[in-house]
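What follows is a single structure, written as structure tokens, with notes after it.
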Ligand code: GLN
């Protein structure tokens, strides 16, 4: 069964080539066969998936109209799923059964999507390599000695290995785009506020945004339009109408103005990554697009600003895990202070602890002005850089990640080197812009991602450019050899 296109799967379901139950069993078999080597899943919900698939088959027989009816999907384990283990990759929530569904989960279910399970992730979505998960690292299907990227690494590996056709992810500073790039798949992070954060466990509330990991821009468009839209349960969700992204993909890109930021051309970029990107840009120019040099002068400050803002918000969000209401509780606390201290020390891993300490520090009385306020000002400057660029260009293109996938363990002892992996994605998050990562070639046999950034709420254009590129190339259809369907 070919999981490369949701439209293809939807057609197959409607023609009766296979049922949703058969498709779901196929995915469950693939998970059974391959997941031990990848560790992409924390929970597989086989029984409820098959029940949902049978229900979808009934709807299809009754003439269900939505393209996603009967399509299997995995959710990143950051989304609350009613009655199902929801860990956020942490020992803190090792036994947490969510009592309700996140809005993203509800909306996709209402479209007839079949949930296969919950994917592995960096603890509380903090990481770029999926090595901070309490449930162990995820491996990259292109080479299992390498990381898949993070924090949505389980979702990325599951899609790349063809275990599922699509998975949800979240992106706070790059966590949809970077793992998509490192595993050779398509990742779409919409504008901040486009998708409800209700029931999505909070890391940094002013940055967190749900996204899609899948094989193509066409698939991303279909899933995004089902997930997106105003939700009265999230006060930061945007009251903007959701365009029919999947209906706006076609058309040429003649005259498209592509901004190339001078600051994205750094000596740290792997030569193979630059070469793949240059070739991709050339193919867009051949289609009539125009390249425009632009400046995003505050780009070098984006990682430092993010590592003040994100930890500050995380220290506040994660204070709710106190061992009292839910989450890990230490044994035999002596008193309340001991309960808090030991529950949190035992429940959180090293990276999360580091972020909480940094965040508490930058928010503390003597340092608030020097760090937090300053970082917020830098954030405004970064946003202003993008806004002046979008006065002249339609999209901005650059690499998603400076290098292809790196070895497991290569950066775990050096958090700052790990943080710098997100240099091209983090500014986009600070500005709340939509961006996609699409496969654009290989460097040393490993996939390379091209990042396409749009102005606020201009997802349609990002997806259209990505789609046009995918009509011209087949990088997005390449599969890691060990996981091809016939392997
Ligand atoms: N790698 C970044 C971090 O560790 C971004 C993570 C994310 O987008 N969730 O915070």
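Each value in this text was obtained by applying a stated rule to the coordinates, not by laboratory testing. Predicted model only: the values in this text are computed from it and were never measured. Ideal geometry is used to build each Cβ from the backbone, glycine not excepted, and the neighbour counts take in all protein chains shown.
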Check: Given 10 °C and 1.306 mPa s, how large is the Stokes-Einstein diffusion coefficient of region 1-157 in µm²/s, with Rh as the Kirkwood radius over Cα pairs?
Finding: 100
Checklist line | Calculated over region 392-452: convex hull of Cα atoms, volume per residue (Å³) | finding: 97
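Based on the alpha carbons, how large is the Rg to Rh ratio for region 215-342 when Rh follows Kirkwood? Write down the numbers at each step before the final one.
On the way: Rg = 23.4 Å, Rh = 20.4 Å.
Radius of gyration relative to Kirkwood radius: 1.15.
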Notebook entry, point to check: In Å, what Rg and Dmax follow from the Cα atoms of the chain?
Noted result: 21.1, 70
Next item on the list: Calculate the length of the line joining the C-alpha centroid of region 260-300 to that of region 48-84, in whole Å.
Entry: 40
Notebook entry, point to check: According to the square roots a ≥ b ≥ c of the eigenvalues of the Cα gyration tensor, what is the shape class of region 366-409, taking rounded for a/c under 1.5, prolate for a/b larger than b/c otherwise, and oblate for the remainder?
Noted result: oblate
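So for the chain: antiparallel DSSP bridges make up what percent, rounded to the nearest 5?
Values: 30 of 43 bridges.
So the antiparallel bridges in the chain amount to around 70 percent.
Stokes-Einstein diffusion coefficient for region 345-434 at 20 °C in a medium of 1.002 mPa s, Rh from the Kirkwood formula over Cα pairs: what value in µm²/s? List each step's numbers first, then the result.
Values: Rh = 15.9 Å.
Answer, rounded: 135 µm²/s.
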Next item on the list: Bin width 10 Å, alpha-carbon pairs only: give the P(r) of region 144-215 as whole percents, running from 0 to the bin holding the largest distance.
Entry: 24, 52, 22, 2
Check: Ratio of region 93-248's C-alpha Rg to 2.2 N^0.38 Å, to two decimals?
Finding: 0.98
Next item on the list: Could you work out how far apart the two model spin labels at residue 377 and residue 295 are, taking each label as a point 7 Å from the Cα in the direction of the beta carbon, and quote it in nm?
Entry: 2.0
Check: So for the pair residue 387, residue 254, with labels modelled 7 Å out along Cα→Cβ, what separation do we get in nm?
Finding: 3.5
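Order of 131-144, 261-274, 27-40 by packing, highest average Cβ count within 10 Å first? Mind showing how you got there, number by number?
On the way: 131-144: 23.4, 261-274: 15.6, 27-40: 18.9.
Going by the mean number of other Cβ atoms within 10 Å, highest first, we get 131-144, 27-40, 261-274.
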Note to self: Against the empirical 2.2 N^0.38 Å scaling, what ratio does the C-alpha Rg of region 343-393 come to?
What the structure shows: 1.68
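Multiplying the sequence separation of residue 420 and residue 367 by 0.36 nm and subtracting their Cα-Cα distance, what value in nm do you get?
Numbers: separation 53, 0.36 × 53 = 19.08 nm, distance 2.40 nm.
Net length gain for the segment: 16.7 nm.
Over its Cα atoms, what ratio of radius of gyration to 2.2 N^0.38 Å does region 202-282 give?
1.48
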Check: Under a point spin-label approximation (7 Å from Cα along Cα-to-Cβ), what is the residue 326-residue 33 distance to one decimal in nm?
Finding: 3.7
Next item on the list: Kindly provide the pair-distance distribution of region 361-487 built from C-alpha pairs, with 10 Å bins from 0 and whole-percent values in order of increasing distance.
Entry: 11, 30, 31, 20, 7, 1, 0
Next item on the list: List the residues of region 172-211 whose backbone N lies under 18 Å from a point placed 7 Å from the Cα of residue 241 along the Cα-to-Cβ direction.
Entry: 194-195
Note to self: Between residue 485 and residue 265, what's the calculated FRET efficiency when r is the beta-carbon distance and R0 is 45 Å? Round to 0.05.
What the structure shows: 0.70
Notebook entry, point to check: Any idea how far the Cα center of region 350-426 sits from the one of region 447-463, in Å?
Noted result: 19
Checklist line | Fraction in percent of alpha-carbon pairs per bin - 10 Å, region 424-467 | finding: 28, 47, 22, 3
